[in-house]
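What follows is one structure encoded as structure tokens, with my remarks underneath.
Only the coordinates and a few stated rules stand behind these numbers; no lab work does. The shown structure was predicted, so the numbers you read here are calculated from the model rather than taken from an experiment. Reconstructed Cβ throughout: ideal geometry from the backbone, glycine too, with neighbour counts over all protein chains shown.
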Amino acid sequence: MDNNKKLSGGQPEVLGGEELHDWFGNAVSSKPIAMGQVGASAGEDDVDPNETYDIKFRDILYNDKQIGPYPTDKLKRVDKPTNKIVGEIQRRDQRDNIFGQAFRGEYGEKVKELAPMMSVTEPIGAALISVQRHINSIKPNDIAPKKAPIPQDPRVLSRHIKSLAHFLGADMVGICKLPQSAVYTTHLNGDPLDVDYKFAIVLLCRKTSHTAACSSGYDWIFDPVSFQTYQRLACQTEVMTNYIKRLGHDAAASNMWNYLTLMPQLVLEAGLGEVSRMGLIVNPFLGGHFKAAAVLTDLPLEPDKYIDFGLQDYCEKCSICAEQCPVGAITKGGKTVYNGYETWELDKRKCASFDILNTEGCVCGRCTKLCPWSLDKNDPRDFEDWDGTTEGLIRRVDEQAKKRRDAGFTSPLEKTDKWWFDLERRSLDDHTLVIPKTTQRL
Ligand code: B12
Ligand code: SF4
Ligand code: SF4
């Protein structure tokens, strides 16, 4: 049986079964056990999809109660995205993202020389990346040969999977049909990607607000803030993938270092946000202050609809991100068509060159941090009294915008709570940490 039938290119080969270990890690049997014995009784037939289940104490899977900490069930749902899709969205070669271009020298010798040091210059970021590399290198497990005897109703399974996502630590989760246009044509190593799953489960994790609030963008912590979030998402999506395969369904994780898909498109499709002036997707509760990862699967699921919380109009009038971007990478003008969809196109070359060349920090993220939809704490309690109207959300965002503007777009925490040391590694082959000259200017 081909246990990894849907995913080819750049993935580790699937090995059969699991080794049995005792609690102390000693192998107790050299004979691998079949995954089917974990997910379903050996010899059992596939589950009849028409069979009805009456499972006690699991009302949450059958009712309409809110799943997760944010009131996503109160959002206005629509049939089409609020930005127009006007043409065909083209699949992308992952190596053509701006980092790939920088590594190839397309932005000049200085950017090429410094690009490999990006994200690993600062030791907290480098440590996060080291550990995440291990997570990404775990071999995918087999798909159990028999489907687990659980309800096959897409709605019930979707509520189960969403609850699992929150159990694993995701802040928000949505489901969409997987559009082939969101799948990269190649893996980062250049192997062609042929990914053919029906659905994408999209997980969002908010960034750690306190640390982000302490960062001006001109220091070394904002990139580790991203990698701390990537690491959590990698754990969540790898565990969810492993679990779905134990249920007897195919699945693959798409996360940092192992992206199979372009994420903003999936975040939009899964009803988790709208296209914003920043060029990224903004979520009504998390603003732009989150990272995303996905699990692609054939588990029968119920896709979510798009959402409309008035962002297209809001971004037409607001331009905080464009004003606050240190290099003018975000347009103050109107939307244009890019890759078949309407958006405010980012000057990614300006953003990435600054990210790599800035001697006082890395991947500043000021746009996402200062967007007034990214509230100070992004805490679910902020929305406990929300009346469910767009006006109610916008009122709060206007207040946040005023507060930030009055404070000159700085937080008092930037002057008191920088708990990290701005240290730098000298070069890729030298692990000595030095105090960068630039910290004296902060
Ligand atoms: C490379 C990259 C960058 C690069 C270059 C971006 C680029 N355009 O090439 C740079 C350094 C500029 C960058 C910066 C940032 N990034 Co970035 N980045 C990526 C990454 C790893 C790959 C994107 C890619 O393949 N680009 C190459 C091609 C496809 O670029 P492109 O044609 O210009 O397309 C871009 C957009 O036009 C859009 N897009 C293209 N086609 C379509 C079609 C539809 C329908 C939609 C809706 C969108 C869309 O997606 C691309 C996003 O870069 C993604 C992860 C991922 N797998 O998606 C994260 C990602 C896009 N980045 C993210 C974030 C948050 C940031 C930063 C805030 C950094 C930070 N500190 O957190 C800044 C924000 C800059 C900005 N205002 O957009 C998030 C966005 C989440 C969201 N809210 O939607 C992502 C998804 C990472 C994640 N896992 O969460 N990033
Ligand atoms: S990450 Fe920084 S440089 Fe890039 S668009 Fe946002 S504010 Fe501008
Ligand atoms: S800062 Fe203003 S213009 Fe920019 S994405 Fe946020 S709401 Fe839109």
What is the Cα centroid distance between the range 239-268 and the range 312-349, reported in whole angstrom?
-> 29
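Kindly rank 409-416, 191-198 from highest to lowest mean number of other beta carbons found within 10 Å of each residue.
Final packing ranking: 191-198, 409-416.
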Mind listing the phi-derived Karplus ³J(HN,Hα) values for the range 359-369, rounded to whole Hz, using 6.51, -1.76 and 1.60 with θ = phi - 60°, and x for any glycine or proline?
-> 7, 10, x, 8, 6, 4, x, 4, 4, 5, 5
Extension length gain for Asn63 and Thr359 (0.36 nm per residue less Cα distance), in nm, is 101.2 nm
Are there GluC sites (Glu not before Pro) in the range 94-203 that DSSP marks as loop and that have at most 13 other Cβ atoms within 10 Å, and which are they?
-> Glu106
For the chain, list the cysteines whose Cβ sits under 4.7 Å from no other cysteine Cβ?
-> Cys176, Cys205, Cys214, Cys235, Cys315, Cys318, Cys325, Cys351, Cys362, Cys364, Cys371
Quote to one decimal, in nm, the extra length available between Gln90 and Arg381 on full extension: 0.36 nm per residue of separation minus the C-alpha distance between them.
-> 100.8 nm
Distance check, please: which entries in Lys305/Lys350; Lys65/Lys198; Lys112/Lys348; Lys369/Lys415; Lys110/Lys207 exceed 24 angstrom between their Cα atoms?
-> Lys305/Lys350; Lys65/Lys198; Lys110/Lys207
Sketch the reach of a paramagnetic label on Asp398 as a point 7 Å from Cα along Cα-to-Cβ, and name the residues of the range 306-339 whose backbone nitrogen lies under 19 Å away.
-> 309-321
Could you list, in their original order, any pairs among Lys84/Lys245; Lys84/Lys403; Lys80/Lys146; Lys146/Lys291; Lys162/Lys245 whose Cα atoms are separated by more than 26 Å?
-> Lys84/Lys245; Lys84/Lys403; Lys80/Lys146; Lys146/Lys291
Give the order of Ser319, Ser427, Ser276, Ser226 when sorted by the count of other beta carbons within 10 angstrom, beginning with the fewest.
-> Ser427, Ser319, Ser226, Ser276
